[in-house]
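A.B. asks: Let me give you the structure first, and then I'll get to my questions.
The values are calculated or read from the model by the stated rules, or taken from the named source; none is laboratory data. As the structure is a prediction and not an experimental result, all values here were calculated from the model. Counting neighbours? That spans all protein chains shown, and the Cβs are built from the backbone with ideal geometry, glycine included.
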Amino acid sequence: MNEEDFFYEIYRHLPQGGPGSDKSTRRALKLLPNLPEGPIIIDFGCGPGRSSVVLAAATRGQVIAIDNYRPFLEALSKRVRRQNLSYHVTALIADMAVPPLAKETAELIWSEGAIYFLGFEQGLKSWRKFLKINGYIAVSELTWLTACPAKEATVFWQTEYPAMQSVGANIDAVKRAGYELINWFVLPQQDWANFYRPLQRSITALRAAYPTHPLGQQVAAKEQAEIDLWTTHGDDYGYVFYLARKL
């Protein structure tokens, strides 16, 4: 097994792929004024589909849920069937950098904790063409919440996500990408706990399953370090939802 295999071994059975909650998803959705009834929504980097299911149930629109990892989409499909939302959600395995979608497909683009794979501003720019005129985009992005973060947090994130910016810098990026900012808010600490509790169990299980595998233990240690950092310095950074309208 390679590093990616061990990574997915940890993440493949988690209920969500990053910090977030149904409550925060609904909060962000309610902050979008005059969203059309039954909108077409693209959920980029949907993971196992927590947000996709919430969006489908709340809007009764058509959600195109995109991810490049098939087991995540299989988990999404199970969720959709359990909640009788099969008509409202389409799972699409694709690269979110070059999705097989027509221009001006959607009234709303959604992405929780995944835009960083493309880069925040670059993702906003590249996805803009898939929005109809005056369409909305809602993305959560890891963001510095203080001008003077702890050294331990700075060192860790300079390695793991050196492109992380402040709220102000991200708002400027939203405007440069061709959007009008509607609103923004910081995800509560509970949203991190929702993610890290099952992640901790998955890390422990991996360590037990591969006690003598150096690479497996290395991947587990890396994920553990992220949890430990949040425990001590989680007020220095957080996920921020940015909500904007295409100009």
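A.B. asks: If we keep just the residues of the range 1-15 that are hydrophobic (A, V, I, L, M, F, W, C), within 19 Å of the chain's Cα centre (by Cα) and part of a helix (DSSP H, G or I), which is surrounded by the fewest Cβ atoms within 10 Å (Cβ to Cβ)?
C.D. replies: That would be F7.
A.B. asks: With the requirement that a residue be basic (K, R) and under 11 Å from the mean Cα position of the chain (by Cα), what does the range 34-61 give you?
C.D. replies: R50
A.B. asks: Name the residues in the range 102-157 that are in contact (Cβ under 8 Å) with a residue 60 or more places away in the chain and over 27 Å from P33 (Cβ atoms), would you?
C.D. replies: Once the filter is applied, which keeps residues that are in contact (Cβ under 8 Å) with a residue 60 or more places away in the chain and over 27 Å from P33 (Cβ atoms), the range 102-157 yields F117, W144, T146, P149, A150, E152, A153, F156, W157.
A.B. asks: To continue, here is another question. On the basis of being touching a Pro at 6+ places or on another chain (Cβ under 7 Å), more than 20 Å from H13 (Cβ to Cβ), buried (at least 16 other Cβ atoms within 10 Å of the Cβ) and touching a residue at least 24 places away in the same chain (Cβ under 8 Å), does Y239 make the cut?
C.D. replies: It is true that Y239 is touching a Pro at 6+ places or on another chain (Cβ under 7 Å), more than 20 Å from H13 (Cβ to Cβ), buried (at least 16 other Cβ atoms within 10 Å of the Cβ) and touching a residue at least 24 places away in the same chain (Cβ under 8 Å).
Each row is one residue, and each column tells you yes or no for (1) closer than 18 Å to M96 by Cβ; (2) in contact with a Leu (Cβ under 9 Å, 6 or more places away or on another chain); (3) not in a strand (DSSP E or B).
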site	(1), (2), (3)
S126	yes, yes, yes
Y136	yes, yes, no
V139	yes, yes, no
P149	no, no, yes
V155	no, no, yes
T159	no, no, yes
K175	no, yes, yes
E180	no, yes, no
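A.B. asks: Residues in the range 64-71: is at least one in contact with an Asp or Glu (Cβ under 9 Å, 6 or more places away or on another chain), within 21 Å of W127 (Cβ to Cβ) and part of a loop (DSSP other than H, G, I, E, B)?
C.D. replies: Checking the range 64-71: at least one residue is in contact with an Asp or Glu (Cβ under 9 Å, 6 or more places away or on another chain), within 21 Å of W127 (Cβ to Cβ) and part of a loop (DSSP other than H, G, I, E, B).
A.B. asks: Please work out which residue is farthest from the chain's Cα centre (by Cα), limiting yourself to the range 201-247 and to residues that are aromatic (F, W, Y) and not in a helix (DSSP H, G or I).
C.D. replies: Y210
A.B. asks: Examine the range 182-195 for a residue that is in a helix (DSSP H, G or I), without any contact (Cβ under 8 Å) to a residue 40 or more places away in the chain and not basic (K, R), and state whether such a residue exists.
C.D. replies: Within the range 182-195, one or more residues are in a helix (DSSP H, G or I), without any contact (Cβ under 8 Å) to a residue 40 or more places away in the chain and not basic (K, R).
A.B. asks: Can you find even one residue in the range 106-122 that is touching a Lys or Arg at 6+ places or on another chain (Cβ under 8 Å), more than 29 Å from A163 (Cα to Cα) and at pLDDT 95 or above?
C.D. replies: No: zero hits.
A.B. asks: Considering each of I109, I40 in turn, give the residue that is within 14 Å of I137 (Cβ to Cβ), surrounded by fewer than 24 Cβ atoms within 10 Å (Cβ to Cβ), among the β-branched types (V, I, T) and in contact with a Gly (Cβ under 9 Å, 6 or more places away or on another chain).
C.D. replies: The match here is I40.
A.B. asks: Somewhere in the range 82-101, is a residue under 18 Å from the mean Cα position of the chain (by Cα), outside any helix (DSSP H, G or I), touching a residue at least 40 places away in the same chain (Cβ under 8 Å) and closer than 29 Å to M164 by Cα?
C.D. replies: yes
A.B. asks: Turning to a different aspect of this structure: Does R176 qualify as being of a type in the set (K, R), surrounded by fewer than 14 Cβ atoms within 10 Å (Cβ to Cβ), at pLDDT 95 or above and within 25 Å of R27 (Cβ to Cβ)?
C.D. replies: Criteria not met by R176.
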